[in-house]
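One structure below.
Nothing in this text is a laboratory measurement; each read-out follows from the coordinates by a stated rule. In this text the structure is predicted, and so the values were computed from the model without any measurement. Cβ: placed from backbone, ideal geometry, glycine included. Neighbour counts: every protein chain shown.
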Amino acid sequence: MNVINPAGWRPAMGENVPGTPVQTFTGNRALQLEEALLFELGSADRSGVDFPATDTLDLAGLGPMARSDIPDLPGLSEPETVRHYTRLSRQNYAIDLGLFPLGSCTMKHNPRLDEKVARMPGFADVHPLQPVQTVQGALGVINELAQWLIELTGMHGVAMSPKAGAHGELCGLLCIRAALEAKGDPRDVILVPESAHGTNPATAAFAGFKVENIPATDEGRVDTAALIARLGPDVAGVMITNPNTCGLFERDLKVIADAVHAAGGYVYCDGANFNAIVGRVRPGDLGVDAMHINLHKTFSTPHGGGGPGSGPVVLSEALAPFGPLPFTARQADGSIRLIEEEQAHEDHPQAFGRMCAFHGQMGMFTRALAYILSHGADGLRQVSGDAVLNANYVLRSLDDVLDAPFGNAGHCMHEALFSDDGFAEGFSTLDLAKGLIDEGYHPMTVYFPLVVHGAMLVEPTETESKAGIDQFIGAMRSLAQRARAGDELLKSAPHLAPRRRLDETLAARRPRLVYREG
Ligand SMILES: Cc1ncc(COP(=O)(O)O)c(C=O)c1O
């Protein structure tokens, strides 16, 4: 149906909901509003602000830079602008709307207390180039958070500036390289088990190392014997994700670390999943030399829209001298010193350089410290306990209708892993994920980790109530049964979202990024 309507709305793009004859004039579905582009909504004779008449302005100073024509920008009143963005925001799924089951990404509730603290003007308006004596409070936050991270991980030092998990991996590997160079040791191979996160081999290659794969065992953990057999004078280190991408704890980490150290290498641990073990295991006690912590996963800083993340890297005694600048140190008189290049000359001469221009993600530091202080050490221990309990509840509530490939490997950690084994011929993980949209949820992580066919990785996090998880489990059970029974309607899901199933390959390969009229 093609409708031209006086309000300038685009005609309906969606299709009718199967089984209902309703096609609305606007294209809206009840309160699910269709939304045109700003350029389609706006017109040159509307504006949200009053500009002075141009003939009262002295434009002479602009010379040839003065415009001779009116820019082709959409004109909208303030309410029209607010409504446009509010409608768009309602087409988004958010952690504040419902359970967000993305495994590996850990979308957890962001406490409003932390948001309030981060918005306090003393933190929110601080500038990285302010004189050190005027930002003692902000430096105090960075320093105190650093101490907590060192304490919770049992490590020796921490580099606070990396801006995300993968950036932290790069920082850790650059520390390893600097340590090797300081010894004149030419090792250049990094071993990465199949159970590690995908960013690990990418980071090792980016840092200039040769990457070698180590297989996983049938129970989803690193093959310790194969890893130890590969150690030798060319191996600079290993990168192990713990808990790993199958949602399992790598129980042999200490044995592996001892063997790697004996062979002259270093141990990098991807600690992005620290939320499953915080308060229970200290990676420093397991022989880890460097580990990033995703503040945006463990310490509940916002994770949406691609950032901003924050990935501080804790370092062992062996690697701490090589950590990047800048860093903070509390002095005898209680003030905080910011160690930059000039001071590092004498105090920290082996620093490999900087990861970024300034000190890191101040907003994330403030939120993370507020989260830590509001929980305390006991509260953080409960966080990991509840996260693991919730994931195991999901795993055991679904393993009779969904294949759990490592279900016999003991408890899972913070995320439950399923495969598409048992679905009717022609039905896939994608069908179940799209069906979840109709049920009102964002889909879980799909087709990752790669070691499992049609993988579905579900992470409920610690803040969901039993009632909320039960509702999600109910939706998953229904969808799994439909996929097993071959319900054809599932293959064309979603039916109730603003858009039907999109061609994801075309969307990725030929995205339409430029607005063209008509
Ligand atoms: C295990 C693991 N390692 C590394 C990363 C990369 O972190 P980031 O996306 O902050 O770069 C992630 C991301 O979620 C992860 O789950």
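Residues of the stretch 36-55 with backbone nitrogen within less than 13 Å of a virtual label 7 Å along the Cα-to-Cβ line of Ala66, please, listed as ranges. Taking a point 7 Å out along Cα→Cβ of Ala66, the residues of the stretch 36-55 whose backbone N falls under 13 Å are 54-55. If both residues of a DSSP beta bridge must be in the chain, then about 55% of such bridges are antiparallel. Its residue count N sets the reference 2.2 N^0.38 Å, and the alpha-carbon radius of gyration of the stretch 320-402 equals 1.74 times that reference. Distance from the C-alpha centroid of the stretch 228-299 to that of the stretch 23-58: 53 Å, rounded to the whole angstrom. Any idea how far the Cα center of the stretch 366-430 sits from the one of the stretch 147-190, in Å? Taking the Cα centre of the stretch 147-190 as reference, the centre of the stretch 366-430 is 28 Å away. Find which of Val451, Met476, Asn294 sits farthest along the positive direction of the dipole of the chain, computed with +1 on the beta-carbon of Lys and Arg, -1 on that of Asp and Glu, about the Cα centre. Farthest towards the positive end: Met476.
I'd like to know how the stretch 113-368 sits against the 2.2 N^0.38 Å rule of thumb: what's its Cα Rg over that expected value?
Against the empirical 2.2 N^0.38 Å value, I get 1.00 for the stretch 113-368.
In summary, the aspartates and glutamates within cross-link reach of Lys183, defined as a Cα separation below 16 angstrom excluding same-chain residues under 8 places away, comprise Asp234, Glu317. About its Cα centre, the stretch 90-131 has a charge dipole of approximately 120 debye under the convention of +1 per Lys or Arg Cβ and -1 per Asp or Glu Cβ, with nothing else charged.
At most 14 other C-beta atoms within 10 Å and a DSSP loop state: those are the exposed chymotrypsin sites (Phe, Trp or Tyr not before Pro) I care about. Give me the longest piece of the chain that has none. For chymotrypsin sites (Phe, Trp or Tyr not before Pro) (loop position, at most 14 other Cβ atoms within 10 Å), the longest site-free span of the chain is 26-357. Evaluated at q = 0.07, 0.08, 0.09, 0.10 Å⁻¹, a Debye calculation over the C-alpha positions of the chain (equal weights, vacuum) places log10 I(q)/I(0) at -0.49, -0.63, -0.78, -0.93.
What stretch of the chain, leaving out the sites themselves, is the longest with no GluC sites (Glu not before Pro) in a DSSP loop having at most 10 other Cβ atoms within 10 Å? Longest run free of exposed loop sites: 1-424. Rounded to the nearest 20, the size of the Cβ-charge dipole of the chain about its Cα centre is 540 debye, with Lys and Arg at +1 and Asp and Glu at -1. Scanning the chain for trypsin sites (Lys or Arg not before Pro) lying in DSSP loops with no more than 10 further Cβ atoms inside 10 Å, the longest uninterrupted stretch between such sites is 68-511. With semi-axes defined as the square roots of five times the eigenvalues of the C-alpha gyration tensor, the equivalent ellipsoid of the stretch 384-508 measures 24, 16, 14 Å, largest first.
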